[in-house]
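Written out below as structure tokens is the structure these notes cover.
The values are calculated or read from the model by the stated rules, or taken from the named source; none is laboratory data. Computed from a prediction, not measured in an experiment: that's the story for all the values here. Here Cβ is always computed from backbone atoms with ideal geometry, including for glycine, and neighbour counts include all displayed protein chains.
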């Protein structure tokens with residue numbers, strides 16, 4: 001809003017350059033809003049490939065899908081970058097019941113990486129709202145029991161990612177914390193912003209040297225039900241059955257394409273999202289949106305005839321969800337090849353209406369981003385902050401490369417994140433396209449001016 | 001983003017005041033995000049009352065609903081303000097068919113205010129994309145025909161209200177323009193941002209002295225079908241049957257409540273939306289959201305114990321959709337009573353994620369709004385512009401009262417606006433609540449500092 005009033009008349013060159021930028025950005029938006037292919041590409045990824053957990057046959061199908069799509073656009077180069085990824089399998093549909101006066105089935109799913117129950121576990125359940133409460137119970141209160149982490153997402157946060165951040169530790173390290181006190185399993189209130197019957201999965205990690213125990217999430221409705229039942233029967237038992245398992249790592253790929261730079265081809269600007277998804281839903285917002293945003297950016301630059309000075313590369317990262325092996329491999333190779341990455345842009349916060357960008361870089365890079373704020377504000381991109389770029393570009397951090405995360409509106413994201421609700425139908429065409437146009441605009445500006 | 005770096009240390013009073021504001025705004029958001037009642041109030045308005053076109057029994061039910069709800073909150077005053085409103089009735093479900101090789105039914109609804117067809121109209125249809133094309137056809141090309149206004153919403157606009165503005169004239173004055181050339185009826189491509197089977201109604205107005213002809217809207221899918229059929233059969237006929245009619249005006253009410261100011265009770269800050277809706281859907285975003293936003297603002301100020309200096313009034317306006325009689329009546333009465341309105345805030349652009357406010361006032365008032373931008377940005381309210389306030393507050397314009405429109409994200413609004421899709425289920429709880437909190441915050445700031 002608070003536009004800097006530049007003494008425009010003193011800078012005819014600047015004015016001409018601003019006009020050129022203004023026209024080019026308009027061209028980018030027009031191309032995507034009228035001829036954009038990202039929405040139909042997302043439909044194809046969601047419906048023709050579907051859920052695509054790392055190491056699964058569907059993830060390999062996604063690799064072929066990405067390679068074929070990128071080839072169809074005739075970019076200067078398309079290739080696969082080999083990477084070994086974990087292979088975790090959910091197995092049969094999990095079952096969890098409250099054994100009260102009657103038997104009540106809960107909506108449940110195993111957390112990614114969890115071991116199975118090797119038959120059925122039946123044990124008393126004890127609810128805690130924090131690690132402090134868990135500690136206070138001690139071994140005496142926890143041993144032999146199923147720990148129920150019942151911390152809801154804090155609705156007071158304006159940006160839901162902050163609420164997610166507050167609950168995330170219960171999912172990722174809750175199982176090992178409970179196991180240290182002798183728990184036999186954990187169930188987690190799903191990390192969801194709404195109350196419904198869909199459990200949300202997500203990665204958990206066992207701490208080295210601590211016994212591995214099965215870890216599951218239950219839907220927010222089931223969590224409410226369990227709380228209600230515990231009020232009348234504090235020593236309630238749960239029965240839990242899951243036969244998920246981790247198999248040996250398998251070979252997979254990052255899928256990469258680029259338009260070679262016309263002036264400094266050894267300087268790179270990359271844009272990417274992750275090709276893998278959880279096995280529930282269709283990975284539409286997480287992160288089909290980021291995949292099609294990134295491909296659309298490259299497609300659009302080519303479609304409008306823009307010849308980038310630097311090489312612009314799209315990277316469809318494999319295995320963000322449970323290992324980030326693709327991200328590590330990409331950064332390793334970039335370093336080994338001495339590739340100078342000017343900037344890396346990641347889209348992995350959904351396909352919702354754009355708000356802006358967060359940059360993880362130097363103060364100077366942030367100031368350079370702010371120089372474009374007048375132009376970006378015309379497209380309702382007002383949120384320009386210093387902050388995290390993204391999981392897949394994080395390994396590129398070297399004090400020089402600007403790591404930039406695309407920031408869409410966050411209100412609806414955690415309603416469906418990692419659940420069966422994350423399907424194509426939840427993505428809005430204009431919102432998705434505006435996201436792609438925002439990202440393409442930023443690539444254009446960085447290519448032209450550096451950052 | 002570009003925060004003004006105030007020399008804070010020089011202004012201890014300012015700092016203390018900023019801290020107080022910061023705490024108060026946090027309190028407003030916490031109250032609404034945790035204890036907010038607007039979402040459940042909207043559910044009740046949509047499900048217990050439903051669609052509520054001016055002059056209908058349902059609109060009268062909505063008046064009682066509003067009065068009872070406001071009374072339940074024990075505000076200082078609650079009353080009804082009588083106003084005569086138009087009464088238009090859709091009658092039986094409209095029918096429109098293409099008479100081609102086979103008969104194809106189109107998704108159709110009469111436009112609000114249209115006369116009926118008095119039986120069935122059967123005539124050749126002629127498509128135009130603009131008034132210029134209509135003019136070029138002349139009487140020779142139009143006489144005795146049904147004119148099909150086929151202008152789609154322009155997807156290139158970033159804010160969909162601009163696309164709506166571009167097509168609106170075809171709905172409002174298209175029928176009379178066609179009638180001037182002897183057309184017997186008009187059908188309009190629905191003013192919608194998506195392609196689906198739902199026709200979107202809305203008000204049209206007959207020009208004085210021009211023959212009145214029936215006017216309808218067809219769904220975007222039906223419009224595409226009609227275009228397709230016209231390609232192969234340019235002299236296609238349509239059959240159209242509607243028995244809508246306008247009855248004599250009836251008595252209705254604006255519903256008003258207030259918290260009396262503790263220092264200057266004769267100065268007013270009002271907040272409102274419109275209680276009437278179209279007869280399709282449930283009037284959830286248009287404008288159930290504005291109604292519950294406004295009530296929530298008053299509820300919240302009371303709930304957190306804030307004692308306003310000025311009188312804060314909520315106005316549930318009647319008849320925004322087809323006459324704005326409630327708006328005119330309110331402004332007349334305010335003038336007759338010599339009430340000094342400091343500011344009027346309207347919410348009538350949906351219940352989506354908040355972006356900011358547009359202000360129709362003096363330059364100084366706009367500058368005063370911008371002074372709060374640092375605080376508002378913390379709540380992701382970055383869009384602060386000079387622009388239209390709203391239809392219901394427009395008659396208050398007097399060069400002194402600041403007219404302010406709440407601006408939520410616009411991407412999804414015209415997907416459902418004035419159609420059967422505008423139902424409670426399309427409203428997102430957190431987005432709705434954040435809207436209410438944004439508006440309450442602005443009321444607090446204006447009450448404290450003036451504008």
### Message
Please determine whether any residue of segment B:258-278 is over 30 Å from residue B:76 (Cα atoms) and buried (at least 23 other Cβ atoms within 10 Å of the Cβ).
### Response
yes
### Task
Keeping to segment A:10-54, report how many residues are without any contact (Cβ under 8 Å) to a residue 24 or more places away in the chain and within 14 Å of another protein chain (Cβ to nearest Cβ).
5
### Query
If you take the residues in segment A:280-300 that are in contact with a helix residue (DSSP H, G or I) (Cβ under 8 Å, 6 or more places away or on another chain) and part of a loop (DSSP other than H, G, I, E, B), which one is surrounded by the most Cβ atoms within 10 Å (Cβ to Cβ)?
A:283
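Looking at the structure I just gave you, is residue B:72 modelled with pLDDT under 95, surrounded by fewer than 18 Cβ atoms within 10 Å (Cβ to Cβ) and either out of contact with any strand residue (DSSP E or B) (no Cβ under 9 Å at 6 or more places or on another chain) or farther than 15 Å from residue B:239 by Cβ (or both)? Write out each step before concluding.
Details: modelled with pLDDT under 95: no; surrounded by fewer than 18 Cβ atoms within 10 Å (Cβ to Cβ): yes; either out of contact with any strand residue (DSSP E or B) (no Cβ under 9 Å at 6 or more places or on another chain) or farther than 15 Å from residue B:239 by Cβ (or both): yes.
Against the criterion (modelled with pLDDT under 95, surrounded by fewer than 18 Cβ atoms within 10 Å (Cβ to Cβ) and either out of contact with any strand residue (DSSP E or B) (no Cβ under 9 Å at 6 or more places or on another chain) or farther than 15 Å from residue B:239 by Cβ (or both)), residue B:72 does not qualify.
Would you say residue B:91 is within 27 Å of the chain's Cα centre (by Cα) and surrounded by fewer than 20 Cβ atoms within 10 Å (Cβ to Cβ)? Walk me through it before giving the result.
Values: within 27 Å of the chain's Cα centre (by Cα): yes; surrounded by fewer than 20 Cβ atoms within 10 Å (Cβ to Cβ): yes.
Yes: the conditions hold for residue B:91.
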### Query
What are the residues in segment A:141-165 that are within 15 Å of residue A:189 (Cα to Cα) and away from chain B (no Cβ under 14 Å), if any?
A:146, A:147, A:148, A:149, A:150, A:151, A:165
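Of the residues that make up segment A:301-311, is at least one more than 16 Å from the chain's Cα centre (by Cα), assigned to a strand (DSSP E or B) and in the same structural domain as residue A:339 (by TED's automatic domain parsing)? Spell out the reasoning first.
Looking only at segment A:301-311, we keep the residues that are more than 16 Å from the chain's Cα centre (by Cα), and these are A:301-311.
Subset that is assigned to a strand (DSSP E or B): A:310-311.
Going one step further and asking which of them are in the same structural domain as residue A:339 (by TED's automatic domain parsing), we end up with A:310-311.
Scanning segment A:301-311, I find at least one residue that is more than 16 Å from the chain's Cα centre (by Cα), assigned to a strand (DSSP E or B) and in the same structural domain as residue A:339 (by TED's automatic domain parsing), so the answer is yes.
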#### Entry: Every residue from segment B:395-413 that is closer than 30 Å to residue A:432 by Cα and away from every other protein chain (no Cβ under 14 Å)
B:404, B:405, B:406
### Query
In segment A:138-171, how many are part of a helix (DSSP H, G or I) and crowded, with 18+ Cβ neighbours inside 10 Å?
7
### Looking only at segment A:378-394, and only at residues there that are more than 13 Å from residue A:326 (Cα to Cα) and surrounded by fewer than 20 Cβ atoms within 10 Å (Cβ to Cβ), the one that is nearest to the other protein chains (Cβ to nearest Cβ)
A:379
### Task
For residue B:281, state whether it is out of contact with any strand residue (DSSP E or B) (no Cβ under 7 Å at 6 or more places or on another chain) and either under 30 Å from residue B:144 (Cβ atoms) or at pLDDT 95 or above (or both).
yes
### Query
What tally of residues in segment A:350-377 results from selecting those that are touching a residue at least 24 places away in the same chain (Cβ under 8 Å), away from every other protein chain (no Cβ under 14 Å) and either surrounded by fewer than 16 Cβ atoms within 10 Å (Cβ to Cβ) or under 30 Å from residue B:413 (Cα atoms) (or both)?
1
### Task
Would you point out which residue out of A:439, A:451, A:342 is touching a strand residue (DSSP E or B) at 6+ places or on another chain (Cβ under 9 Å), crowded, with 24+ Cβ neighbours inside 10 Å, more than 10 Å from chain B (Cβ to nearest Cβ) and closer than 20 Å to residue A:310 by Cβ?
A:439
